[in-house]
Amino acid sequence: MLYVDSIGSICSVLLFLGAFGPNDGTNGNSTVGADVNGTYWNSYGVRHYRKVIETAAKYHIMIDNHEPVKGTGLQRTYPNLMSQEGGRGQE
């Protein structure tokens, strides 16, 4: 099972532990949803990051995306998206 399927439960545990700002991302070596280069700069990655950001907002948890897609202004809709370490590897 992918962790994104359990993101609500994970957010509950983070709140319990007092962790209000996790770093979400991949190491580039996972094959689930990755493109031929092993990256997440595709439609799967966009949906993944959006689901994580939306769910974390419901739990009042801020997110620092690691290896996100290029910024799109999503922070205006979800102010819990505090930062993105890089856009498509442009770190």
The one condition in (1) on the phi > 0 side of the Ramachandran plot; (2) modelled with pLDDT of 85 or more that GLY33 fails to fulfil:
(2)
Considering (1) assigned to a helix (DSSP H, G or I); (2) modelled with pLDDT under 75; (3) of a type outside the set (Gly, Ala, Ser), say which one TYR40 fails and leave the rest.
(1)
Quick one: VAL52 ticks every box in (1) at pLDDT 85 or above; (2) outside any helix (DSSP H, G or I); (3) closer than 20 Å to ASP5 by Cβ except a single one, so which number is it?
(2)
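The values are calculated or read from the model by the stated rules, or taken from the named source; none is laboratory data. Treat the numbers as computed from the prediction; the structure is a model and nothing was measured. With ideal geometry, Cβ positions are generated from the backbone for all residues, glycine too; neighbour counts draw on all protein chains shown.
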